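Here is the structure we will look at, set down as structure tokens.
Readers should treat all values here as calculations from the given coordinates under stated rules, not as data from a laboratory. As the structure is a computational prediction, the values presented were derived from the model and not from experiment. Counting neighbours? That spans all protein chains shown, and the Cβs are built from the backbone with ideal geometry, glycine included.
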Amino acid sequence: MSRIENMGFSGSANILITNNPQVKEHFQDRLPVEYLETPLIDILIRVRDHLHNGHRLLTHPLSGSVKPNETPYKTVLISGTRGETDPQSISIIEECIIATHKFTKKHIPERYLQDLQAVDLSLIGSALQSGTLN
């Protein structure tokens with residue numbers, strides 16, 4: 001089990017960073033949500049910025065089997081409290097940014113966007129449910 005998987009999710013101090021409006025609506029009353037209307041790559045860069053300020057990854061930025069070019073939505077849970085910069089978190093986010101740049105962006109028809117939002121919501125919901133946040 002990796003250190004990320006082993007970290008508890010409990011506590012209202014943890015932060016969701018997302019570009020998914022369904023995640024924002026579903027979780028905004030339960031924990032802090034940083035919602036940005038921006039492309040997926042910019043979500044990863046925003047997460048990286050937080051990690052350089054001492055936050056830690058609590059969910060993997062490329063979780064699930066959906067490739068970065070197959071969805072415009074991404075939600076990542078980070079610690080709300082800051083400490084020393086975590087080299088493992090930095091390494092993971094950098095690898096995810098590089099991997100995302102490697103994929104050719106596909107045009108996704110408008111009719112699929114709500115379904116892709118639901119997939120991202122389900123992924124983060126499952127991660128939170130497997131932790132201790134209810």
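Using 13 Å as the cut-off for backbone N distance, which residues of segment 40-71 belong to the label zone defined by a point 7 Å from the Cα of His101 along Cα→Cβ? Answer for this model: 41-42, 45.
Summary of packing: across the peptides 40-47, 122-129, the per-residue average of other C-beta atoms within 10 Å ranks them, highest first, as 40-47, 122-129. Looking at the chain alone, DSSP beta bridges between its own residues are antiparallel in about 60 percent of cases. Could you tell me which GluC sites (Glu not before Pro) in segment 41-134 are loop residues by DSSP with no more than 16 other beta carbons within 10 angstrom of their beta carbon? Within segment 41-134, the qualifying GluC sites (Glu not before Pro) (loop, at most 16 other Cβ atoms within 10 Å) are Glu70, Glu84. Only one residue of Ile108, Thr18, Asn53 has its Cα farthest out toward the positive end of the dipole of segment 3-130, where Lys and Arg carry +1 and Asp and Glu -1 on Cβ, and that residue is Ile108. Taken along the Cα-to-beta-carbon direction at a fixed 7 Å, the label points for His52 and Gln129 span 3.6 nm.
The reciprocal of the average 1/r between distinct C-alpha atoms defines the Kirkwood hydrodynamic radius, which for the chain equals 14.9 Å.
Total lysine pairs in the chain at Cα distances under 12 Å, for residues eight or more apart or on different chains: 4.
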